[in-house]
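Some notes on the structure that comes next.
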Amino acid sequence: MTDLRILLATPEAGYEQRVRQAFRGMLNGDLRRWDGHLGAVTPDAVLGQLGDVQPDVVAIGPGLELDSALELAKRLEQDRPEISVLLITETTPTLWEQALRAGVRDVLAPDAVDADVRSAFDRALAVAEGRRRMLAPPPMEARGRIITVLSPKGGSGKTTLSTNLAVGLAMAQPGRVVIVDLDLQFGDVSSALRVTPESSIVDAVRTPGPLDVMTLKTLLTPHASSLWALCGPESPAEGEAVSAEQAKDVVEALAGEFDYVIVDTCAGITEHTLSVLEVSSDLVLMCAMDVLSVRSLRKEVDALEQLGMTQQKRHFVINRADSKVGLDIKDVEATVGLPVDVAVSSSRAVPLSMNQGSPVVESDPRSAVARQFTNLVNQFTDQPQRAGLSLLRRGGR
Ligand SMILES: Nc1ncnc2c1ncn2[C@@H]1O[C@H](COP(=O)(O)OP(=O)(O)O)[C@@H](O)[C@H]1O
Ligand SMILES: [Mg+2]
């Protein structure tokens, strides 16, 4: 890695050596010193020198006038807020206030011992990482679609649909799809895919500090269809370790790495589901073909409206649509207030395929039910994402 991580703005060549020594070769990236041609470290000169280079930390001093050091800190804070600024100078009683006002992150004495140098730089690097994440979300094109599957009732076929959708998409784009089991109490994505996870979403939030995508990827379980799964916890109690905010962070981090993130949820609207919905591009609403399910879904749609969850592109799937219960699709559409995108029929092939761990789109692709699921898959591979969403994402961050 040759990314510039630390820029030392100081005329003192010896200081570079001190910092290198404090890191003992453990700095992941580059460190450079810039002396501004014998002491002339002015804000314009430093900003000009930085150009397109993106150091995480700029350390100002030692060997600079305090006023010009603070002036430089102020300009960096204004023009390059993603950079975290350290001031290397002797501390005086009034310095801290001045430094904080200038946007300095930390003040370090020029003669600090190695351990203090190292920890001050480490803290500044961590802050920069957080700031960069906040200030510069990856562009929309670089983010995958987050598709959350929702239904007011248990047993309506959410897991069946999520796993079929995920496997169907993975067949079209191998390795680019991940399914997340957000049913933190009784999630059964791993059973439906018949995989034995070694890690779960709980492990993703156990590690302290900011979420690290590389670690997150090691917690995924592969399925034979080239799909990845972030499985649910082993017990409902374990699931309590995951907060709604963490669930959202996990899903967002995965969207930075995968083209599609499918989120299977538990029944109803929970805090976790709402949190993940905030960052979802698509919402698949589903219900079974009976009056109670349909009415509940209508209430759920109303509740989502009231909560302002209207920006996601909606897809409406009715499951067991061929049930002879005196309802027809038109009644359902009128009650729910949404057109039905896909009607999935009842089929013995569904539970059979679940027992095999190979959703019907894969195990029995010619069956009517598999073709219906595939129609839903095609809605995602064919349609471009709705433009309005980028506004939601940007506004929501
Ligand atoms: N279209 C269908 N035909 C037959 N069985 C189905 C169908 N959809 C779902 N099922 C069965 O219904 C049960 C509940 O489905 P599941 O996907 O686990 O619901 P949820 O996740 O909403 O609780 C499962 O045993 C599943 O195999
Ligand atoms: Mg389920």
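The values are calculated or read from the model by the stated rules, or taken from the named source; none is laboratory data. Computed from a prediction, not measured in an experiment: that's the story for all the values here. Cβ: placed from backbone, ideal geometry, glycine included. Neighbour counts: every protein chain shown.
Structure notes:
- Pro233 being surrounded by 16 or more Cβ atoms within 10 Å (Cβ to Cβ), touching a strand residue (DSSP E or B) at 6+ places or on another chain (Cβ under 8 Å) and without any contact (Cβ under 8 Å) to a residue 60 or more places away in the chain: no
- Options Pro222, Pro174; residue that is assigned by TED's automatic domain parsing to the domain that holds Thr381 and without any contact (Cβ under 8 Å) to a residue 40 or more places away in the chain: Pro222
- Applying the set (1) closer than 25 Å to Glu129 by Cβ; (2) at pLDDT below 90 to Tyr15 leaves exactly one unmet item: (2).
- Of the residues making up segment 198-224, those that are more than 16 Å from ligand 2 (Cβ to nearest atom) and in contact with a strand residue (DSSP E or B) (Cβ under 9 Å, 6 or more places away or on another chain) are Glu198, Ser199, Ala204, Leu216, Lys217, Leu219, Leu220, Thr221, Pro222, His223.
- Residues in segment 204-220 that are in contact with a Ser or Thr (Cβ under 7 Å, 6 or more places away or on another chain) and either aliphatic (A, V, I, L, M) or under 20 Å from Ile262 (Cβ atoms) (or both): Leu219 only.
- Residues of segment 328-363 satisfying the condition of being away from ligand 2 (no atom under 16 Å from the Cβ) and in contact with an Asp or Glu (Cβ under 7 Å, 6 or more places away or on another chain): Pro339, Val340, Ser345, Ser346, Ala349
- Some residue of segment 279-293 being within 19 Å of Thr160 (Cα to Cα), surrounded by 19 or more Cβ atoms within 10 Å (Cβ to Cβ) and more than 16 Å from ligand 1 (Cβ to nearest atom): yes
- The lone exception for Pro139 - which of (1) more than 16 Å from ligand 2 (Cβ to nearest atom); (2) over 14 Å from the mean Cα position of the chain (by Cα); (3) modelled with pLDDT under 95 it fails: (2)
- Segment 160-189: number of residues that are under 22 Å from the mean Cα position of the chain (by Cα) and buried (at least 20 other Cβ atoms within 10 Å of the Cβ): 17
- Count of residues meeting criterion [more than 14 Å from ligand 1 (Cβ to nearest atom) and farther than 17 Å from Leu376 by Cβ] in segment 244-268: 15
- Residue count for segment 190-205, restricted to those that are of a type in the set (Gly, Ala, Ser), within 16 Å of ligand 1 (Cβ to nearest atom) and surrounded by fewer than 24 Cβ atoms within 10 Å (Cβ to Cβ): 2.
- Residue in segment 165-177 that is in contact with a Ser or Thr (Cβ under 9 Å, 6 or more places away or on another chain) and within 14 Å of ligand 2 (Cβ to nearest atom) present: yes
- Taking the criterion of being farther than 14 Å from Arg143 by Cβ and out of contact with any Lys or Arg (no Cβ under 7 Å at 6 or more places or on another chain), the residues of segment 250-266 that qualify are Val250, Ile262, Val263, Cys266.
- Test: Ala124 is within 28 Å of the chain's Cα centre (by Cα), surrounded by 14 or more Cβ atoms within 10 Å (Cβ to Cβ) and in the same structural domain as Thr10 (by TED's automatic domain parsing): yes
- Of the residues examined, Leu304 is not one that is assigned by TED's automatic domain parsing to the domain that holds Leu150, among the aliphatic types (A, V, I, L, M), touching a strand residue (DSSP E or B) at 6+ places or on another chain (Cβ under 9 Å) and buried (at least 22 other Cβ atoms within 10 Å of the Cβ).
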